[in-house]
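Right, one structure below, let's go through it.
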Amino acid sequence: MSDKYTTQVIERTAMMHIPTPTVSMPSFNPVLALLCFCALSLGLPNLLAAQDILIADFDGQDYGEWKSTGDAFGPGPAKGTLPGQMTVDGYKGSGLVNSFYGGDGSVGTLTSPEFTIQRKYISFLIGGGKDSERTCMNLLINGQVVRNATGPNDKPGGSERLEPEFWDVSEFIGKTGIIRIVDSATGGWGHINVDHIIQTDQRPPGMRRNAKTTFKSEKRYLNFPIKNGAIKRTVTVAVDDQPVVTNEIELADATPDWWAFMDISDWRGKTISVTVEKLPDDSNALAQIEQSDAIKGGENIYREPLRGQFHFSSKRGWNNDPNGLVFYNGEYHLFYQHNPYGWSWGNMHWGHAVSRDLVHWQELPDALAPDRLGPMFSGSAVVDWQNTTGFGRNGQPPLILIYTAAGNPTVQCIAFSLDGRSFAKFDANPVLNQITGGNRDPKVFWHAPSKRWIMTLYVELNRTHTIHFFSSPDLKNWTYLSRTDGFFECPDFFELPVDDNPANKKWVLTAASSEYMIGTFDGTKFVPETPKLPGHRGRGFYAAQTFSDIPPSDGRRIQIGWFQTETRGMPFNQSMTVPLELKLITTSEGPRLTWTPIKELHILRTNTHLLTSTKLTPESADPLANAKAQLVEIRADFEPDNQSILLFTVRGAQISYDARTQKLIVNGHAAPAPLLNGRQNLVIYCDRTGLEVFASGGLTYVPMPFQPAPDNLSLSLKTTNGHVNVTRIEVHNLESAWPQQ
Ligand code: FRU
């Protein structure tokens, strides 16, 4: 047992550094006068406040007189973060109560010895789960819970930071109480963190509940101050007193790292309120939220140092999966998983951008925001040409979004639009109930032969990853058809001709990893004819989707993937790959997918450096010695001898083809890239945040996040081994796809 945890008086008063005047002086004493002035101006009550009483600081090896039950609290205070836990901070001294001992699954209680309430306030630091019964700290008097506190987290994500809280216990002065810390929760956030419990007469800086600001909407945007890594605050925006959306936002109490914006133009003239569930007393966050016709700090938008210049990224916040890729009314629509209010994943909205050429994108307001059914997870979009939903008007076919509402339960829903701009959620959502927890990412298409909609959906079934197939006449009522095992998240399913032969079509089932199977589909069941085959061969490519409703006159199958390009220090994070054309070609091993960058990207070319018929040996001069590039596309056709290595250096990135092993090596990452009739062709795109390299006619696609040094504009080409007959090399400088300001 350690003395540290017995209730003790500590030598601490706020005014300790001001000596109390003790001597009465007959004549004027300037020192004493100054001390009195200080005492008065700082407030006499402070000066006279009783000393704080430490209840526990949890800095010892064990819990002392505190008694624990169960396993969750371990043998003594934690020294900080426990194995498997996000970083715990915000505690004082060397230890804290952390019931993550043994993970979230462990349960228990930790109870203080009895103590007498002698001060007006009990203050403490608290973090972890937000469940007032199962992850909490209680003050009990006569066996009754009279005060309760919890951590801030009840959703995935969140923060392990402890924050100051206090209880006003003035009404209980003189009574005996105990403090009990409870962890009886076993799921996510099934733990509680507590530290530094003291009795004090000085009202500690605490938390304001439901801090609110109200104003009339007159401008286009509401700008929120964001501090990356700050505690997430629950922020609700209401219009004329009706709550419209709640987000978890890392609000900056002081100077923000960046500003996030909410488009409020639809509510012009209405009364808007912003309520923050809990905010430190001294936070400046609410005062900083302001309406404006501009995105604050957005003067340089699309010109930021780490903004991909021909890869889509959102103006602000985080993106992950592309969603609802569809061609509608002459525009390509790119929806995407978007956190408009944070640099990391969270608050899933469907972001929205449109393009007429798949190269120049215009970001529009988010199409779907979280609602009572949960955050808006991934899904797809279709044009309902035959108005099977009845949402069409005056012959105008509706655009339908099919998405996952990832609340509890997790369900599938639809929304529709007649103009590709404003979206209404179906009032009888959901259209498909939960099957098992976490079913998600519906990909829907019209199956003409059976004249019905087909949905592929990710379902985890008895710990097996499966894709379920459903059918529907109207997108509102769905019937289970069949399933295929072995694919995780974000399925996509489409038919492609082999070698462009319309008489020989095959179905491709793929999912988030980009692995795929080729087979047949009779409208009910997918029958694979191949094992699961590898997809892309690089890094940072995930959850790709293909476009729906590309006109038959075009007929291409175009895919966009989430390109995991981390952009630290920027007010945005992650991006999309360039659009990729998919084809099936015959190889000696059977049909295989190819990925090639869409031809529309050629419109970005500015000037071109051309090289034809050159033989390169290790002695050759560098043919690209004088070339410079910022944004660049390189195309190379060559015939290597079987000992050769051809090496491109592009702004510091090394891209080589090793003919000895028939491998493409991008910044040290090797991918198989077979020679075709003894020849190889490479296509390299280099942007500010990533490379995309294609080889072997598209059989090899290597996406690779990469940030060239801004001042390194050099290119070079050499053979480090053997001889290479270069047929043709094109180096195209590219312009930005973003609007020039
Ligand atoms: C894939 C994914 C999807 C889900 C979405 C949530 O990256 O996990 O399965 O719908 O992201 O943002």
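None of the figures in this text is laboratory data; all of them are computed from the coordinates on show. The structure presented is a predicted model; accordingly, all values stated were derived computationally and were not measured. Positions of Cβ are backbone-derived with ideal geometry, glycine not excepted, and every protein chain shown enters the neighbour counts.
Things worth noting here:
- Separation of region 274-312 from region 104-167 is 33 Å, based on Cα centroids.
- Neighbour net charge for THR612 - beta-carbon separation under 14 angstrom, K R +1, D E -1: 0
- Within region 425-492, the trypsin sites (Lys or Arg not before Pro) that combine a DSSP coil assignment with at most 12 other C-beta atoms in a 10 angstrom radius are LYS451, ARG463.
- On full extension, the segment bounded by ASP637 and ASN433 gains 68.2 nm, given 0.36 nm per residue less the C-alpha separation.
- Greater than 21 Å apart at Cα, pairs in LYS278/LYS315; LYS443/LYS599; LYS219/LYS315; LYS506/LYS663; LYS599/LYS718: LYS278/LYS315; LYS443/LYS599; LYS506/LYS663; LYS599/LYS718
- Relative to its Kirkwood radius, the Cα radius of gyration of region 317-597 gives an Rg/Rh of 0.94.
- Working note: Debye formula, equal point scatterers on the alpha-carbon atoms of region 605-734, no solvent; log10 I(q)/I(0) at q = 0.14, 0.22 Å⁻¹ is -0.54, -1.42.
- Whichever aspartates and glutamates have a C-alpha closer than 16 Å to that of LYS525, once near sequence neighbours (fewer than 8 apart) are set aside: ASP485, ASP492, GLU495
- Whole-Å distance, taken between Cα centres, linking region 65-103 and region 434-463: 43 Å
- Rel. contact order, % - alpha carbon contacts under 8 angstrom, at least six apart, region 584-717: 28 percent
- Rg in Å to one decimal, and Dmax rounded to a whole Å, for the chain via C-alpha atoms: 31.3, 113
- Separation of alpha-carbon centers, region 554-570 and region 679-723, rounded to whole Å: 17 Å
- Excluding exposed DSSP-loop GluC sites (Glu not before Pro) (at most 10 other C-beta within 10 Å), longest clean stretch of the chain: 300-588
- Cleavage-rule hits (trypsin sites (Lys or Arg not before Pro)) in region 530-590: DSSP loop, at most 14 neighbouring Cβ within 10 angstrom: ARG568
- Approximate spin-label separation ALA625-LYS505, in nm, with each point projected 7 Å along Cα-to-Cβ: 5.5 nm
- Taken over the C-alpha atoms, region 207-292 has Rg and Dmax values of 12.0, 34 angstrom.
- Counting Lys and Arg as +1 and Asp and Glu as -1 over every other residue whose Cβ lies under 12 Å from the Cβ of ASP711, the net charge comes to +2.
- Phi-based couplings in Hz for region 696-713 (Karplus 6.51, -1.76, 1.60; Gly and Pro marked x): 6, x, x, 5, 10, 10, 10, x, 8, x, 6, 10, x, 4, x, 8, 8, 10
- Inter-probe distance in nm under a simple model that places probes 7 Å from Cα toward Cβ, at THR214 and THR81: 4.3 nm
- Sites listed here are chymotrypsin sites (Phe, Trp or Tyr not before Pro) in region 623-712 whose DSSP assignment is loop and whose Cβ has at most 14 other Cβ atoms within 10 Å, and the list is empty.
- Once the gyration tensor of the Cα atoms in region 508-599 is diagonalised, the equivalent ellipsoid follows with semi-axes of 27, 16, 13 Å, ordered largest first.
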